[in-house]
Amino acid sequence: MSTTTSASDRRSDKSNSDSFRKNVSRIKKLFKGTTGSSSSSSSVSSSRNSSRTSLNNIPTNPHNMNKTVPEDDDMPPLRPITLKGYTESTKNHIMTQGTAEEIRTLLPARLTVTSTWQLLYSLEQHGASLNSLYRILKDQKDKKIYDKNGYVLIIRDAHGGVFGAYVNEIFQPHELKRYYGNGECFLWSVEKVSSEAEFDHSNIRFKGFPFTGLNDYIIYCQFNSISIGSSEGHNGIWIDRNLMHGVTQRCDTFGNDVLSKEGEKFKIMGLEVWMV
């Protein structure tokens with residue numbers, strides 16, 4: 001069976017052929033553009049790699065070659081603590097440099113570098129009154145120089161025992177009658193190994209009692225007393241409004257021993273508050 005092709009058919013075939021060639025040409029151009037883009041991308045990537053390589057090749061400062069990050073053993077020693085605030089007429093200094101250096105070992109890290117301790121209150125210099133103690137400490141609060149400081153309470157009893165506390169906030173009665181303070185607080189005691197020598201590093205036995213976390217009864221101030229640490233009616237340290245008598249008992253807040261040489265009840269022969 002023969003097949004015949006008309007003139008119109010031949011014109012249609014020619015038109016289809018021209019359309020096909022145009023499509024092929026368009027496809028070739030498309031691929032050619034993609035290849036160019038790939039080449040351009042490779043060029044940018046090469047340029048970036050070249051930039052990184054050139055940065056890596058920048059010579060290092062020879063003065064920095066031997067510098068290393070200091071380790072704890074390389075840190076300079078702490079400066080000895082200087083105690084300021086005693087007047088010339090003050091005969092009995094309860095705080096000594098040796099005792100202060102021992103307390104320093106338990107202070108928060110930010111305060112261990114502090115080398116000057118300032119006496120804020122002294123029973124001998126300011127009189128035996130809890131109200132006076134509160135007033136003097138409030139003056140420090142109003143001056144806004146207490147914010148980042150800590151405070152050390154030190155007591156001497158009738159048998160020569162020395163003990164006290166570190167607190168992160170000043171002693172001040174709260175209207176809400178609540179406990180305050182944080183886990184930085186601790187109780188401590190110190191005793192002389194030889195009764196004839198002074199309270200220096202070679203002659204003291206220091207005990208620290210950090211916060212246990214068993215309760216939050218850390219500092220409680222009223223107008224007639226101060227207590228530090230408490231559990232089941234027992235106080236780590238309790239002192240009366242006249243700063244004459246006190247109590248020290250074992251308590252869960254600090255897991256402490258009885259701190260005074262006199263036993264649970266003691267007479268206050270000297271009392272000071274220091275700002276660290």
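The values are calculated or read from the model by the stated rules, or taken from the named source; none is laboratory data. Values in this document were obtained by computation on a predicted structure and should not be read as measured data. As a convention, Cβ positions derive from the backbone with ideal geometry for all residues, glycine included, and neighbour counts pool all protein chains shown.
So which residues in the range 91-142 are in a helix (DSSP H, G or I), within 15 Å of Val276 (Cβ to Cβ) and not β-branched (Val, Ile, Thr)? Steps first, please.
If we filter the range 91-142 for residues that are in a helix (DSSP H, G or I), which is where we start, we get 97-104, 109-112, 123-126, 130-142.
Applying the additional criterion that residues be within 15 Å of Val276 (Cβ to Cβ) yields 97, 99-104, 109-112, 137, 140.
Selection gives Gln97, Ala100, Glu101, Glu102, Arg104, Ala109, Arg110, Leu111, Leu137, Gln140.
Taking the stated definitions as given, is Gly246 crowded, with 21+ Cβ neighbours inside 10 Å and part of a strand (DSSP E or B)? Give the steps one after another, and end with the answer.
Numbers: crowded, with 21+ Cβ neighbours inside 10 Å: yes; part of a strand (DSSP E or B): yes.
It is true that Gly246 is crowded, with 21+ Cβ neighbours inside 10 Å and part of a strand (DSSP E or B).
Filtering the range 112-125 for residues that are of a type outside the set (Lys, Arg), surrounded by 12 or more Cβ atoms within 10 Å (Cβ to Cβ) and within 17 Å of the chain's Cα centre (by Cα) leaves a non-empty set. The listed residues are Gly229, Gly255, Gly236, and the only one of them that is in the same structural domain as Val113 (by TED's automatic domain parsing) and surrounded by fewer than 22 Cβ atoms within 10 Å (Cβ to Cβ) turns out to be Gly255.
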